[in-house]
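Working notes, structure below.
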Amino acid sequence: MLHTINKSPFFSNNLESCLRFAKDGDPIMLYEDGVYAVLAGTKIEPAMKDALKKHPVYAIEADVKARGITKVLESVYLCDYSCFVGLVEQHLVSPWF
Amino acid sequence: MAEKEKSKIMFLMRKAAHGSIYAYEGLEAILIMGAFEQEISVAFIDDGVFVLKKEQDTKPLGVKEFSRTFKTLEDFDITNIYADRESLEQRGLTADDLIIPVKVMEAGEIAKLMEGQDVLLPF
């Protein structure tokens, strides 16, 4: 199951709930304001580091760059929308918004 | 038209009742899908559990009190209704505070049910 998040983790509990329901190994796709979760040095970082041990985490690179996020947490896959589409084709999608 | 197999559709209700249109729209979508005799289940998660809170009185607010409409789900044979235990607990609620009977489950149990669906529709 692919989990998608498009809201900032500092604004909503979508990331938190996603992580509570996601099964180990489930990919997580961050886009739009969801990409703030990959910024290093925030209060979300411990939860994200834990998540990165259990899940492949993808973030749309254009969204990351547009927001000036240069310090990206290690082992996050930066990708484009064709990669997003590829994941959607392979998985049942659970959007958290 | 060719007979199509039933789809397994799970609604994930995560928003409270009157602050946004999500919960009401979710209810309408559930009823529509129910009328098409699909295999429906509904999970109330996060603020979604507030949608089923008993004793809602929306008269002073002047909006429709739609929580009672959830009672009609069983007329559509929609009986797979779940609530996340942690979401209830965090909000000081138990199943007794809700307007319809729900199966209270752990996140992991609901996640397993999610995996078995054809479609997940979040509201």
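The values are calculated or read from the model by the stated rules, or taken from the named source; none is laboratory data. Everything quoted here is computed from the prediction, not taken from an experiment. Neighbour counts run over all protein chains shown; Cβ positions are idealised from the backbone, glycine included.
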Residue count, region B:72-92 (criterion: surrounded by 18 or more Cβ atoms within 10 Å (Cβ to Cβ) and not small (Gly, Ala, Ser)): 6
Suppose we filter A:Glu45, A:Glu16, A:Glu61, A:Glu32 for residues that are acidic (Asp, Glu) and within 14 Å of another protein chain (Cβ to nearest Cβ); which single one remains? A:Glu16
Of the residues in region B:24-71, those that are over 12 Å from the mean Cα position of the chain (by Cα) and under 21 Å from B:Ser7 (Cβ atoms) come to B:Ile32, B:Met33, B:Gly34, B:Ala35, B:Phe36, B:Glu37, B:Gln38, B:Glu39
Whether any residue in region B:63-83 is more than 11 Å from chain A (Cβ to nearest Cβ), assigned to a loop (DSSP other than H, G, I, E, B) and of a type in the set (Phe, Trp, Tyr) is what I want to check. yes
Subset of region B:84-123 (residues that are more than 14 Å from chain A (Cβ to nearest Cβ) and assigned to a loop (DSSP other than H, G, I, E, B)): B:Gly92, B:Leu93, B:Thr94, B:Ile99, B:Ile100, B:Pro101, B:Val102
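When the residues of region B:35-62 are narrowed to those that are crowded, with 16+ Cβ neighbours inside 10 Å and assigned to a helix (DSSP H, G or I), which ends up farthest from the other protein chains (Cβ to nearest Cβ)? Before you say what the answer is, go through the steps one by one.
Step one: filter region B:35-62 for residues crowded, with 16+ Cβ neighbours inside 10 Å, giving B:38-52, B:56.
So of that shortlist, the ones also assigned to a helix (DSSP H, G or I) come out as B:46-52.
On the way: B:Asp46: 6, B:Asp47: 9, B:Gly48: 10, B:Val49: 12, B:Phe50: 14, B:Val51: 16, B:Leu52: 18 Å.
Here the answer is B:Leu52.
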Condition (residue is under 25 Å from B:Leu113 (Cα atoms) and surrounded by 14 or more Cβ atoms within 10 Å (Cβ to Cβ)) applied to region A:58-77: is it met by at least one residue? yes
Which residue, of A:Gly25, A:Gly68, is small (Gly, Ala, Ser) and modelled with pLDDT under 95? A:Gly68
Identify, please: which residue in region A:15-39 is touching a residue at least 24 places away in the same chain (Cβ under 8 Å) and more than 13 Å from the chain's Cα centre (by Cα) and is, among those, nearest to B:Leu120 (Cα to Cα)? A:Phe21
I'd like to verify a number: residues in region B:17-70 that are closer than 23 Å to A:Glu16 by Cβ and without any contact (Cβ under 8 Å) to a residue 24 or more places away in the chain, how many? 2
